[in-house]
Ligand SMILES: Cc1ncc(COP(=O)(O)O)c(C=O)c1O
């Protein structure tokens, strides 16, 4: 199916292919004997393949990519699929951003930058953050994508055994990166309307709860959290002295109500954000993070010895990107959302008021069975169990051209 993008999933695919071959052959090119799984380790698909190589660290078994691998195995057989699995904007990076990027490269701005980011960009972001929140101690720095910010935040905050509250369905990285950091994910079920239920969060808090991760608009459901819920979760975190990460990467894409950040109500909120989705810059790796300066300092220290910095040419291009008016892009995705909602007949669609995803209840069978049928009909969508403890829904991305959306609707209405 060519180059596939399923956001959190997209980045895994080439890696998976490499890992699979590394797992099958020894460095000398000889086929390895299967090695037994260490005691107590579950056999979880790709993980089993990984553990076949004696060099692989135990922590890699904490990442289970078997669900998405099954989708790729099926998708590999498709010819010219209607691909509604794509987790990134369907338009190319805007021309002014590309021009600024090329200029930065031609001007020789290709070396490392300061770890926290080039001064003009840091100042620009800090000015906006100060204007929006007016917090005394809120510091911003530039990261290598929003995932970079997320990983740094989790590593800087989580002690072994700490519990991290996430909302089910969740963005795939939350679970895996929490596990890698030594934490334990505590999922809060948000079906059927995908809004955060504060009483459920309250009930899930234990002495080990360290962190809550909020994501509005959400991947995979497209749900925009109500202002009341955001205020309540922010207040709860404050009252209980629990860290709160707000993943705001889709904040531009809100169609029916305004975006509300929990940082408006809780000055300790750690906000992660970036230009990947708003400016179609997923490959350029530009994120940023703001929060209490003491936490940001620790994250910057860690960035120095891991990602080093965000790519410098991209940081210069970001200055141009931040000046752009993207209202026509938002209008276009709203129109696409409306088209899908109006034309999918008899489907149970909740949320879908932001980002470019719909998380739709499978009309029959499990989501995996329904997705298999869709793939047999040449439509690529993703089963909900990739993002959830349950397998009842599928994720559809309408970040695609109109013809593809029409074909997708036709297929979905046929197989219902
Ligand atoms: C909710 C969410 N957070 C973070 C990311 C990571 O984005 P980036 O490309 O900036 O690392 C994604 C990408 O799909 C996402 O969907």
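The values are calculated or read from the model by the stated rules, or taken from the named source; none is laboratory data. Since the structure is predicted, the reported quantities are computational estimates derived from the model, not experimental observations. FYI the Cβ positions are ideal-geometry reconstructions off the backbone, even for glycines, and counts take in every protein chain you see.
For the range 127-154, a residue qualifies if it is out of contact with any strand residue (DSSP E or B) (no Cβ under 6 Å at 6 or more places or on another chain), within 15 Å of the ligand (Cβ to nearest atom) and part of a helix (DSSP H, G or I), and the qualifying residues are 147, 151, 152, 154. In the range 189-205, the residues that are touching a residue at least 24 places away in the same chain (Cβ under 8 Å) reach residues that are surrounded by fewer than 16 Cβ atoms within 10 Å (Cβ to Cβ) and outside any loop (DSSP other than H, G, I, E, B) with C-beta atoms within less than 7 angstrom, at least six apart or across chains, in these pairs: 205/240.
Taking into account only those residues within the range 263-277 that are within 9 Å of the ligand (Cβ to nearest atom) and touching a strand residue (DSSP E or B) at 6+ places or on another chain (Cβ under 7 Å), which is farthest from residue 313 (Cα to Cα)? Per the stated criteria, the residue is 272. For the range 90-109, the condition of being surrounded by fewer than 20 Cβ atoms within 10 Å (Cβ to Cβ), free of Cβ contacts under 8 Å to residues at least 60 places away in the same chain and closer than 30 Å to residue 336 by Cα holds for at least one residue.
Any residue at all in the range 176-189 that's within 12 Å of the ligand (Cβ to nearest atom) and at pLDDT 95 or above? For the range 176-189, residues within 12 Å of the ligand (Cβ to nearest atom) and at pLDDT 95 or above: present.
For the range 97-119, the set of residues classified as closer than 22 Å to residue 277 by Cα, in contact with a helix residue (DSSP H, G or I) (Cβ under 8 Å, 6 or more places away or on another chain) and part of a helix (DSSP H, G or I) consists of 97, 98, 99, 100, 101, 104, listed by residue number. With respect to (1) more than 18 Å from residue 121 (Cβ to Cβ); (2) within 13 Å of the ligand (Cβ to nearest atom); (3) crowded, with 24+ Cβ neighbours inside 10 Å, the lone exception for residue 280 is condition (3).
One line per residue, one yes/no per condition, for (1) assigned by TED's automatic domain parsing to the domain that holds residue 399; (2) within 16 Å of the ligand (Cβ to nearest atom); (3) buried (at least 21 other Cβ atoms within 10 Å of the Cβ); (4) closer than 25 Å to residue 202 by Cα:
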{"residue": "238", "(1), (2), (3), (4)": "no, no, no, yes"}
{"residue": "242", "(1), (2), (3), (4)": "no, no, no, yes"}
{"residue": "284", "(1), (2), (3), (4)": "no, yes, yes, no"}
{"residue": "290", "(1), (2), (3), (4)": "no, yes, yes, no"}
{"residue": "305", "(1), (2), (3), (4)": "no, no, no, no"}
